[in-house]
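Report on the structure given below.
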Amino acid sequence: QVQLVESGGGSVQPGGSLRLSCIAPGFTSDNYVIGWFRQGPGNKREPVACITRGGARAIYNNSGDGRFAISRDAAKDTVTLQMNDLKSEDTGNYYCARGRRGVCTANPTDYTYWGQGARVTVSL
């Protein structure tokens, strides 16, 4: 079984920052891409970002308005989503997922394995 392990969620005030991390088996050894998705009040998982083993990045639907950055530590099979200057609309459950080999995609159906989710709450 493939298990993705997420961490870093929490509650912050507007303007605060959070760093979400995902340990993703196969990211380095088998070159699977890793994506981040946000599940908001509508319960639909919207694509946020994706990264390849080699460091190619994608931000989808202007997620974070330039305030988010995705990075990886290939040696540790770990992908990080840095979220700065957080706003209330960033609130939701954030999931990391393992997708295709080598090419990023925004389609959740292209991702087979999902983490448990990390809750992010931004409020006064």
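Which residues, taken from region 75-124, are over 27 Å from Gly16 (Cα atoms) and either free of Cβ contacts under 8 Å to residues at least 60 places away in the same chain or part of a loop (DSSP other than H, G, I, E, B) (or both)? Break it down stepwise before answering.
Of all residues in region 75-124, those over 27 Å from Gly16 (Cα atoms) come to 75, 98-105, 107-113.
The answer is Ala75, Gly102, Val103, Cys104, Thr105, Asn107, Thr109, Asp110, Tyr111, Thr112.
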The number of residues in region 28-53 that are surrounded by 11 or more Cβ atoms within 10 Å (Cβ to Cβ) and of a type in the set (Gly, Ala, Ser) is 3
Scan region 69-83 residue by residue and report those that are of a type in the set (D, E, K, R) and at negative phi. Arg72, Asp73, Lys76
Residue check, Gly54 against (1) closer than 19 Å to Glu6 by Cα; (2) at pLDDT below 95, all met but one. Which one? (1)
Applying the selection to region 55-74, what residues are in contact with a Gly (Cβ under 9 Å, 6 or more places away or on another chain), farther than 21 Å from Asn43 by Cα, without any contact (Cβ under 8 Å) to a residue 24 or more places away in the chain and open to solvent by 60 Å² or more (accessible area, probe 1.4 Å)? none
For residues that are among the charged types (D, E, K, R) and in contact with an Asp or Glu (Cβ under 7 Å, 6 or more places away or on another chain), scanning just region 75-105, find the one that is surrounded by the most Cβ atoms within 10 Å (Cβ to Cβ). Arg100
Near pairs, Cβ below 6 angstrom, 6+ apart or cross-chain, from region 27-45 (within 29 Å of Ala75 (Cα to Cα)) to any residue that is polar (S, T, N, Q) and assigned to a strand (DSSP E or B): Gln39/Asn93; Arg45/Gln39
Hits in region 1-52 - residues which are in a strand (DSSP E or B) and either among the basic types (Lys, Arg) or out of contact with any strand residue (DSSP E or B) (no Cβ under 9 Å at 6 or more places or on another chain) (or both): Arg19, Arg38, Arg45
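The values are calculated or read from the model by the stated rules, or taken from the named source; none is laboratory data. Note that the coordinates shown come from a computational prediction; the quantities given were computed from them, not determined experimentally. Positions of Cβ are generated from backbone atoms using ideal geometry, with glycine treated the same way; all protein chains shown enter the neighbour counts. Keep in mind that these areas ignore ligands, DNA and RNA; they rest on the heavy atoms of the full protein, side chains included. Shrake-Rupley method; radii C 1.70, N 1.55, O 1.52, S 1.80 Å.
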